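Just so it is clear, none of the values below were taken in a lab; they were calculated from the coordinates. In this text the structure is predicted, and so the values were computed from the model without any measurement. Cβ: placed from backbone, ideal geometry, glycine included. Neighbour counts: every protein chain shown.
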Amino acid sequence: MTVPDGAERGRTQVLFAAAGAARAVFAGIRRRPPGGAALWERRNHAGRPVDLYAGPAVVLGTALAAATVPGLPARVRGAAALAVLAAGACGAYDDLAGRNDARRGFRAHLTALRHGEITSGGIKLLGIGAAGLAAGALVRRRPLDALPAGLVVAGAAHLVNLLDVRPGRAAKAVLAMGAPVLLRGGAAGLLCAAPMGAAAALLADDLDERTMLGDTGAHALGAGLGLAVAAGSDRAGLLLSAALLLAAAVAGERIGDGPAWLDRPVLRVWDALGRRPDPVSVFSRGATPVRVTGGRRG
């Protein structure tokens with residue numbers, strides 16, 4: 001997809017618009033939490049109290065910036081806003097309605113659906129899948145392109161959510177995965193600036209364990225990133241991206257947050273960048289980290 005001359009410079013504008021809107025929404029929710037503060041309080045992986053305010057903040061910041069990207073057709077901007085808002089809404093439903101459901105990952109929720117049980121996570125998966133297909137059809141008019149485009153949007157939303165189990169991991173992943181798309185320019189670069197700006201705006205608070213993205217923010221950031229990739233790829237690129245995201249989702253379900261992740265030095269160092277140290281046990285020689293169950297939602 002081509003963009004008018006001069007529109008490339010809009011990437012910086014979109015980055016700052018998304019960051020500013022996300023910070024403004026975050027500050028507003030902290031002052032007056034909808035439904036009361038207790039509704040948004042959680043305990044993270046280390047047992048520390050955090051809030052979920054970052055979630056709606058990045059949703060609205062990303063959607064607003066994506067809807068006003070300069071130089072792109074209205075249907076593309078509308079597709080970006082649709083993908084982000086729908087993914088965020090589905091994630092919020094799971095965050096609030098499914099807060100006491102211990103099942104995690106698409107396999108668990110699909111298994112429940114096969115047995116006739118409709119979980120909040122199942123509704124989330126179906127809703128994000130439908131929204132991804134709708135957004136893909138708006139961005140790519142040809143049916144052969146619309147389907148993989150929808151899979152890329154939904155797959156990216158799921159992948160980023162899988163990573164949101166430790167402070168800052170999902171936001172850092174959005175920035176790392178989005179950087180080459182941003183630098184590539186074109187429609188993809190313009191659209192990618194929106195989730196990257198929102199993620200960057202809340203990264204410090206996430207790393208400091210004051211807040212977390214939750215399903216709300218992680219799904220929205222991933223959907224925004226996926227929509228950018230879908231808008232800037234040819235058919236071969238779409239198919240490759242969809243295959244890679246599917247493989248990453250399967251690997252993410254298997255690796256999770258256990259030793260398979262922590263035993264890889266590169267991932268362990270990446271995970272620790274900017275983070276507070278985990279609490280340590282006073283009974284363990286050598287300060288072994290305490291494992292707290294039920295931590296950040298995946």
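Using the average count of surrounding beta-carbon atoms within 10 Å as a protection proxy, the listed peptides 196-206, 173-183 rank, highest first, as 196-206, 173-183. Spatial offset of the range 180-225 relative to the range 54-96 amounts to 11 Å, using the alpha carbon center of each. Sorted on the mean count of surrounding Cβ atoms within 10 Å across their residues, most packed first, peptides 140-147, 48-55, 32-39, 119-126 read 48-55, 119-126, 140-147, 32-39.
The HN-Hα couplings worked out from phi for the range 84-90 by the Karplus form 6.51 cos²θ - 1.76 cosθ + 1.60 (θ = phi - 60°) are 5, 5, 5, 5, x, 5, 5 Hz, whole numbers, x standing for Gly and Pro.
Along each principal axis, taking the top coordinate minus the bottom one, the Cα set of the range 6-65 gives 48, 25, 13 Å in descending order.
Going highest first, how would you order 218-225, 186-193 by mean Cβ packing within 10 Å? If you can, show how the numbers build up before the last one.
Details: 218-225: 35.5, 186-193: 27.2.
Most protected by this proxy first, the peptides run 218-225, 186-193.
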